[in-house]
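**Q** To start, I am sharing the structure in question, which I have written as structure tokens.
The values are calculated or read from the model by the stated rules, or taken from the named source; none is laboratory data. Please read these numbers as outputs of a predicted model, since none were measured by experiment. Note that we place each Cβ from the backbone using ideal geometry, even for glycine, and neighbour counts take in every protein chain shown. Side chains included, ligands, DNA and RNA excluded: accessible areas come from the protein's heavy atoms. Shrake-Rupley method; radii C 1.70, N 1.55, O 1.52, S 1.80 Å.
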Amino acid sequence: MSSKEKVMTEAIPASPRAVNAWWVGTVAGMASFVDGAALNGVGFALVILQQTIGLTPGQIGVLTSALTFGVAVGALIGGRLGDRFGRRRVFVVTMIFIALGASVPIVATAFPLLLLGLGVLGVAIGADIPVSLATIAEAATDQNRGKILVMSNLLAGVGIGAVVLVATLTGGTGIFAAQAIFGLIAVVAVIVLALRLTIPESTSWRAARLEQTQGVHTVRADRSKLRDLITPPLRFPFLILVGFFTLVSIPITLFGSYAAYIGANFTGTPVSEFSVFVLFLVPLAIIVQVIFMRVVDTRFRLTFFILGGVLYVAAYLIPVILGMNLATLVTTVLVSGMGTVFCGEPIFRVWVNEAFPTMLRSTGQGVIFAIARLVPALLLVPVPFLLSSSINGFLIALSVLAAAGIAVGWFGVRSGRLINEFHHEAESIDITAATSSSAS
């Protein structure tokens, strides 16, 4: 080790990794709680507002899309800011704006103000997620990284359960039920903001920043530019993860956003009644994620991924084969939810944090999150009209997209080119050789 590298290493504060990785995972992972509560709670809230203040199907489509589109924009911006200025600064600011965005629909229900509030809420959530997940990954070790990242996704399920519980308890109270859903998000955001002040800056990020300032050429310090994402060796994992996560996100986003709408308009089930059935599924979803936590850091990861893919693809065909009614709708919610635990966002969170070095970890997943949220956002607006045209055709399309996403993910992993950057991101780079290779 050179004298410069020795001074640099000694200047980095001791890692908090060994003593508080689970605490960091819980507090930072509450972004997922808010994400799950918001994206699913808005579906309930807008149906309630449809029935109380007369929101039209077109307005519901625009508002739903605004939230999801905001998440996409926020992920793109927040991910990059997290790598440039540090994880802690970004995830403190984003939580403030989450609280503000969720507060607007509590005090105002005019369409323009609802659009403003949901737009701000979406951008803040999107900016928070990649930075929070990078924080979790860098606080963990190879022995528990997958477990803690899956736990962060489990918190999204808890968020969904919490918002469904609120919808159930306030069912029949009219507009207050929608305000209560947004109130839950705002209150949780304030609490999480206070807890996040206890989390220090990522040790990995501080080390990479110090290497940059002292001119030490390592993988994590030098691979920090946006163009590095589309340059070997990062190009392959980047493209695979874009394709995989975008394709598997479309069905769960579209169906999740409109499940309550489908229940109300195609099975005649009120939101308050439908929410009760969904609420009973939450404990099972939590159990399934706990099971996955036990295997995600083992060699059985891919086996469970394939199993989840089969469930996910089959779920949307259940109402097509058996007919659309409350039982088949709830079954689709159950089976698709179980499937995505193994083949959806939980495993994506592990893969994407392993695939990129420190100074691109937040950026890389932010870009992919943005694409994977933007595409469904563009498709959300016409969904009410597509459903009225052919609900079976809509569900078959979701199943096909899910199958395509699983195939892309399986190919990427089987290729052996999705590697764990944590294993060698601190290695030195021969800057002369790298420059010559780039020039040629």
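**Q** Within segment 391-429, how many residues are polar (S, T, N, Q) and touching a strand residue (DSSP E or B) at 6+ places or on another chain (Cβ under 7 Å)? Walk me through how you get there before you give the answer.
**A** Keep residues of segment 391-429 that are polar (S, T, N, Q), which gives 392, 399, 415, 420, 428.
Next, only the ones that are touching a strand residue (DSSP E or B) at 6+ places or on another chain (Cβ under 7 Å) stay: 428.
Number satisfying all stated conditions: 1.
**Q** How about segment 379-396: which of its residues are within 18 Å of residue 63 (Cβ to Cβ), in contact with a Phe, Trp or Tyr (Cβ under 8 Å, 6 or more places away or on another chain) and open to solvent by 20 Å² or more (accessible area, probe 1.4 Å)?
**A** 386 - this is the single residue of segment 379-396 that is within 18 Å of residue 63 (Cβ to Cβ), in contact with a Phe, Trp or Tyr (Cβ under 8 Å, 6 or more places away or on another chain) and open to solvent by 20 Å² or more (accessible area, probe 1.4 Å).
**Q** Which residue, of 406, 431, is open to solvent by less than 80 Å² (accessible area, probe 1.4 Å), β-branched (Val, Ile, Thr) and modelled with pLDDT under 90? So that I can check it myself, show each step before the final result.
**A** Values: 406 fails: modelled with pLDDT under 90.
Of 406, 431, the one residue that is open to solvent by less than 80 Å² (accessible area, probe 1.4 Å), β-branched (Val, Ile, Thr) and modelled with pLDDT under 90 is 431.
**Q** May I ask you to verify whether residue 41 is open to solvent by less than 10 Å² (accessible area, probe 1.4 Å), in contact with a Lys or Arg (Cβ under 9 Å, 6 or more places away or on another chain) and under 27 Å from residue 111 (Cα atoms)? It would help to see each step written out before you state the result.
**A** Working: open to solvent by less than 10 Å² (accessible area, probe 1.4 Å): yes; in contact with a Lys or Arg (Cβ under 9 Å, 6 or more places away or on another chain): no; under 27 Å from residue 111 (Cα atoms): yes.
Here the answer is no, as residue 41 does not meet what is asked.
**Q** Taking only segment 155-169 into account, find how many residues are in contact (Cβ under 8 Å) with a residue 12 or more places away in the chain and either among the charged types (D, E, K, R) or farther than 29 Å from residue 133 by Cβ (or both).
**A** First pass over segment 155-169, keeping only residues in contact (Cβ under 8 Å) with a residue 12 or more places away in the chain: 155-168.
Filter once more, so that each one left must be either among the charged types (D, E, K, R) or farther than 29 Å from residue 133 by Cβ (or both): 168.
Residues meeting the conditions: 1.
**Q** Among the residues of segment 51-74, are any within 17 Å of residue 107 (Cα to Cα), among the polar types (S, T, N, Q) and surrounded by fewer than 24 Cβ atoms within 10 Å (Cβ to Cβ)?
**A** yes
**Q** Oh, and also: Assuming residue 418 fulfils every condition listed in (1) more than 30 Å from residue 277 (Cα to Cα); (2) of a type outside the set (Lys, Arg); (3) in a helix (DSSP H, G or I) apart from one, which condition is it?
**A** Among (1) more than 30 Å from residue 277 (Cα to Cα); (2) of a type outside the set (Lys, Arg); (3) in a helix (DSSP H, G or I), the lone unmet condition for residue 418 is (3).
**Q** Being open to solvent by 30 Å² or more (accessible area, probe 1.4 Å) and under 14 Å from the mean Cα position of the chain (by Cα) is the filter here, so list the residues in segment 118-148 that pass it.
**A** 123, the sole residue that qualifies.
**Q** Restricting to segment 205-251, name every residue that is open to solvent by less than 20 Å² (accessible area, probe 1.4 Å) and more than 21 Å from residue 421 (Cα to Cα).
**A** Those that are open to solvent by less than 20 Å² (accessible area, probe 1.4 Å) and more than 21 Å from residue 421 (Cα to Cα): 246, 248, 249, 250, 251.
**Q** Could you check residue 414 against (1) at pLDDT 90 or above; (2) buried (at least 18 other Cβ atoms within 10 Å of the Cβ); (3) under 25 Å from residue 307 (Cα atoms) and say which number it fails?
**A** (2)
**Q** Is there a residue being open to solvent by less than 10 Å² (accessible area, probe 1.4 Å), over 16 Å from the mean Cα position of the chain (by Cα) and touching a residue at least 40 places away in the same chain (Cβ under 8 Å) anywhere in segment 24-35?
**A** Yes, segment 24-35 contains at least one residue that is open to solvent by less than 10 Å² (accessible area, probe 1.4 Å), over 16 Å from the mean Cα position of the chain (by Cα) and touching a residue at least 40 places away in the same chain (Cβ under 8 Å).
**Q** Something else about it: In segment 189-204, what residues are within 21 Å of the chain's Cα centre (by Cα) and open to solvent by 20 Å² or more (accessible area, probe 1.4 Å)? Let's see the steps before the verdict.
**A** Keep residues of segment 189-204 that are within 21 Å of the chain's Cα centre (by Cα), which gives 189-193, 195-196, 199, 202.
Scanning segment 189-204 gives 190, 191, 193, 195.
**Q** Would you check which residues across segment 92-117 are over 20 Å from residue 79 (Cα atoms) and buried (at least 20 other Cβ atoms within 10 Å of the Cβ) and list them? Show your work before the answer.
**A** Let us first name the residues in segment 92-117 that are over 20 Å from residue 79 (Cα atoms), namely 100, 102-117.
Scanning segment 92-117 gives 102, 103, 104, 105, 114, 117.
**Q** Another question, then. Taking the stated definitions as given, is residue 80 farther than 30 Å from residue 172 by Cα, within 17 Å of the chain's Cα centre (by Cα), at pLDDT 85 or above and part of a helix (DSSP H, G or I)?
**A** Values: farther than 30 Å from residue 172 by Cα: yes; within 17 Å of the chain's Cα centre (by Cα): yes; at pLDDT 85 or above: yes; part of a helix (DSSP H, G or I): yes.
When the stated conditions are applied, residue 80 passes them.
**Q** Restricting attention to segment 171-188, which residues are touching a residue at least 24 places away in the same chain (Cβ under 8 Å) and either over 19 Å from residue 274 (Cα atoms) or open to solvent by less than 50 Å² (accessible area, probe 1.4 Å) (or both)?
**A** The answer is 171, 174, 177, 178, 181, 182, 183, 184, 185, 186, 188.
**Q** Here is a further query. Among the residues of segment 149-170, count how many are among the polar types (S, T, N, Q) and open to solvent by 30 Å² or more (accessible area, probe 1.4 Å).
**A** Start the filter on segment 149-170 by keeping residues that are among the polar types (S, T, N, Q), which leaves 152-153, 168, 170.
From what's left, open to solvent by 30 Å² or more (accessible area, probe 1.4 Å): 168.
Selection size over segment 149-170: 1.
**Q** Checking the structure you have, find out if any residue of segment 85-92 is on the phi > 0 side of the Ramachandran plot and modelled with pLDDT of 90 or more.
**A** First, the residues of segment 85-92 that are on the phi > 0 side of the Ramachandran plot: 86.
Checking which are modelled with pLDDT of 90 or more leaves us with 86.
Looking through segment 85-92, at least one residue is on the phi > 0 side of the Ramachandran plot and modelled with pLDDT of 90 or more.
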